[in-house]
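Asker: Okay, here's the structure, questions in a sec.
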Amino acid sequence: MGEPLSIPTTRTQCVGAYVARPKGMPKGGIVVVQEIFGVNQHMRNVTDRFAEHGYVAIAPAFFDHVESGVELGYDDAGFRRGRALVGEISFETALEDVASAADAIRSAGRIGCVGYCWGGTVAYLAATRLGLPAVSYYGARNVKFLDEKPKAPVQFHFGEKDTSIPAEAVEAHRTALPGYEIYTYASAGHAFDRAVDPHAYDAASAKLALERTLAFFDRELGAA
């Protein structure tokens, strides 16, 4: 459904991206921020899904700053490599790429950001630093940035069985960000929206989280 795209950055290189466009007039644009596994088939599927719901969606390939064309699996080797790669990319660099990706689809209208795992924290920072309405899925690194107040609305999703994000971390979000949409899912663990991973995916939680995510973007990006 989508296609590759090259987007400029503030540095000396361009990075790749996967962009998917809806049929007809777009409702707006969404920057999709990957997990630690690169813009693999799952992230392309997620990007396509937002296009199917009426948005121009773009997933920048952040790892291109280190190595081009990275697509990792969910085995131990993939986890190790993914953690190493995100360790080489600062959140500042990631946010510069989010801004570049947003500019690349600016003609779609208002732009938001959604991210998963590592990308969940990037999405949160896109709201605090770039002013983009954002949805953060299981952002385990959010807590150390909760002193940064969002410049745009943010919605959060957490699995109650996520051992990487204990209940006190979720409560820290509620304390720091009263009035924000913070949802938890009793049957879900980490990466519950990762449909290609039977060990992580929780279909009922993913369905409800997507409904809430789409309602959020319809409200925040569709406003005049």
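The values are calculated or read from the model by the stated rules, or taken from the named source; none is laboratory data. Please read all numbers here as calculations on a predicted model, not as lab measurements. Quick reminder, even Gly has a Cβ in these numbers, built from the backbone with ideal geometry, and neighbours come from all protein chains shown. Please note that ligands, DNA and RNA were not included when accessible areas were found on the heavy atoms of the full protein model with its side chains. Shrake-Rupley method; radii C 1.70, N 1.55, O 1.52, S 1.80 Å.
Asker: For the list (1) crowded, with 24+ Cβ neighbours inside 10 Å; (2) touching a Gly at 6+ places or on another chain (Cβ under 6 Å); (3) of a type outside the set (A, V, I, L, M, F, W, C), I need the number of the one condition that Arg110 fails.
Answerer: Among (1) crowded, with 24+ Cβ neighbours inside 10 Å; (2) touching a Gly at 6+ places or on another chain (Cβ under 6 Å); (3) of a type outside the set (A, V, I, L, M, F, W, C), the lone unmet condition for Arg110 is (1).
Asker: Separate question: Quick check on this structure: which one of Val135, Val114 is under 21 Å from Arg44 (Cβ atoms) and in contact with a Lys or Arg (Cβ under 9 Å, 6 or more places away or on another chain)?
Answerer: Going through Val135, Val114 in turn, the sole match is Val135.
Asker: Can you go through Ala140, Ala57, Ala126 and tell me which one is among the hydrophobic types (A, V, I, L, M, F, W, C), touching a Ser or Thr at 6+ places or on another chain (Cβ under 8 Å) and not in a loop (DSSP other than H, G, I, E, B)?
Answerer: Ala57
Asker: Does segment 16-35 hold any residues that are closer than 25 Å to Phe79 by Cβ and either open to solvent by 10 Å² or more (accessible area, probe 1.4 Å) or at pLDDT below 95 (or both), and which are they?
Answerer: Those that are closer than 25 Å to Phe79 by Cβ and either open to solvent by 10 Å² or more (accessible area, probe 1.4 Å) or at pLDDT below 95 (or both): Gly16, Ala17, Tyr18.
Asker: Restricting attention to segment 96-107, which residues are open to solvent by less than 10 Å² (accessible area, probe 1.4 Å) and part of a helix (DSSP H, G or I)?
Answerer: Asp97, Val98, Ala101, Ala102
Asker: Let me ask something else about it. Residues of segment 80-103 being of a type in the set (Gly, Ala, Ser) and over 17 Å from the mean Cα position of the chain (by Cα), which ones?
Answerer: Those that are of a type in the set (Gly, Ala, Ser) and over 17 Å from the mean Cα position of the chain (by Cα): Ala84, Gly87.
Asker: Report yes if Thr47 is of a type in the set (Ser, Thr, Tyr) and open to solvent by less than 10 Å² (accessible area, probe 1.4 Å), otherwise no.
Answerer: It is true that Thr47 is of a type in the set (Ser, Thr, Tyr) and open to solvent by less than 10 Å² (accessible area, probe 1.4 Å).
Asker: Checking Glu92 against (1) among the acidic types (Asp, Glu); (2) assigned to a helix (DSSP H, G or I); (3) in contact with a strand residue (DSSP E or B) (Cβ under 7 Å, 6 or more places away or on another chain), which single condition isn't satisfied?
Answerer: Going through the list (1) among the acidic types (Asp, Glu); (2) assigned to a helix (DSSP H, G or I); (3) in contact with a strand residue (DSSP E or B) (Cβ under 7 Å, 6 or more places away or on another chain), Glu92 breaks only (3).
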